[in-house]
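Sharing a structure with you now.
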């Protein structure tokens, strides 16, 4: 996780919030660093995490998580080492749905283990029934008698993949709605989802999902490419929109904008125009 981002969000793995929906968006840039941040954050916080990874393989996330967790832990506890996703899976803290492998199994007829149903079987049907994926999430995060984890967390990377697989926007939104009821309301956990956006996109289905989730979310982190184009010292800007209570109007929500630079094991944030490279 990125310590500077935690400071901007006033967040700490020692006191994770509960019952929140966090929306990650990116426009004309890659916002995946936000996914890696929250994955590392909640594992460090001792939460039970269900990671619906529709975009990359397990090894991809594992390599990055090892870098981030090691860098983060050493800042707080220099004598401790980071924890890999493999170790988190083995001890039951992380439930990982590898979307690429599941799609392959559905499309090429790989047999499921007895008693199991592929959560992505909808791609072989009409693409409107995400019940199997919802049941996978719900059962994965249900507490058992031996669990000692903190609040459960659902992390999805990314929802735009579902739309590209032919799932209708209304079904994607229904899936998130039922997950919010189960995870945020019933289990007092959190949901973090990534979805891509493009202001001039003709993909109305995708923008419908983005706009709807913006209204539902408690926190929005929106990564954008620079209007001036590529810059080696400033990789983009991040809008942080923190929602107030439901009684507050949209214009009363707290909006902050920072620019950022992605490094090998960290991301640095600074006020617009305040990069050391331009001062």
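The values are calculated or read from the model by the stated rules, or taken from the named source; none is laboratory data. Nothing here was measured: the structure is a model prediction, and the numbers come from that model. Glycine also receives a Cβ, built like all others from the backbone with ideal geometry; neighbour counts cover every protein chain displayed.
Which residue is farthest from residue 217 (Cα to Cα), if the candidates are limited to the stretch 1-32 and must be surrounded by 22 or more Cβ atoms within 10 Å (Cβ to Cβ) and touching a strand residue (DSSP E or B) at 6+ places or on another chain (Cβ under 6 Å)?
Taking the stretch 1-32 and keeping what is surrounded by 22 or more Cβ atoms within 10 Å (Cβ to Cβ), we get 1-2, 5, 23-26, 31.
Subset that is touching a strand residue (DSSP E or B) at 6+ places or on another chain (Cβ under 6 Å): 2, 23-26, 31.
Values: 2: 22, 23: 6, 24: 10, 25: 12, 26: 15, 31: 17 Å.
Looking at residues that are surrounded by 22 or more Cβ atoms within 10 Å (Cβ to Cβ) and touching a strand residue (DSSP E or B) at 6+ places or on another chain (Cβ under 6 Å), I get 2.
Taking only pairs six or more apart or across chains, which ones have beta-carbon atoms under 7 Å, a first residue in the stretch 131-160 that is touching a residue at least 40 places away in the same chain (Cβ under 8 Å), and a second residue that is surrounded by fewer than 19 Cβ atoms within 10 Å (Cβ to Cβ)?
Close Cβ pairs satisfying both conditions: 134/178; 149/46; 150/46; 151/18; 151/188; 157/55; 158/55.
Can you name the residue in the stretch 147-175 that is in contact with a strand residue (DSSP E or B) (Cβ under 7 Å, 6 or more places away or on another chain) and part of a helix (DSSP H, G or I) and is also surrounded by the most Cβ atoms within 10 Å (Cβ to Cβ) among such residues?
Here the answer is 159.
Among the residues of the stretch 177-188, how many are assigned to a helix (DSSP H, G or I) and surrounded by fewer than 23 Cβ atoms within 10 Å (Cβ to Cβ)?
8
Additional query: With the stretch 85-143 as the region, which helices (runs of 4 or more DSSP H) entirely inside it contain at least 2 residues that are modelled with pLDDT of 90 or more, under 23 Å from residue 175 (Cβ atoms) and touching a strand residue (DSSP E or B) at 6+ places or on another chain (Cβ under 8 Å)?
In the stretch 85-143, 131-141 are the helices (runs of 4 or more DSSP H) which contain 2 or more residues that are modelled with pLDDT of 90 or more, under 23 Å from residue 175 (Cβ atoms) and touching a strand residue (DSSP E or B) at 6+ places or on another chain (Cβ under 8 Å).
Here's another thing I want to ask about it. Take the residues in the stretch 245-276 that are over 21 Å from residue 6 (Cβ atoms) and in contact with a strand residue (DSSP E or B) (Cβ under 9 Å, 6 or more places away or on another chain); name whichever of them is modelled with the highest pLDDT.
Start the filter on the stretch 245-276 by keeping residues that are over 21 Å from residue 6 (Cβ atoms), which leaves 245-252, 273, 276.
Subset that is in contact with a strand residue (DSSP E or B) (Cβ under 9 Å, 6 or more places away or on another chain): 273, 276.
Values: 273: 70, 276: 59.
Ranking the qualifying residues of the stretch 245-276, first place goes to 273.
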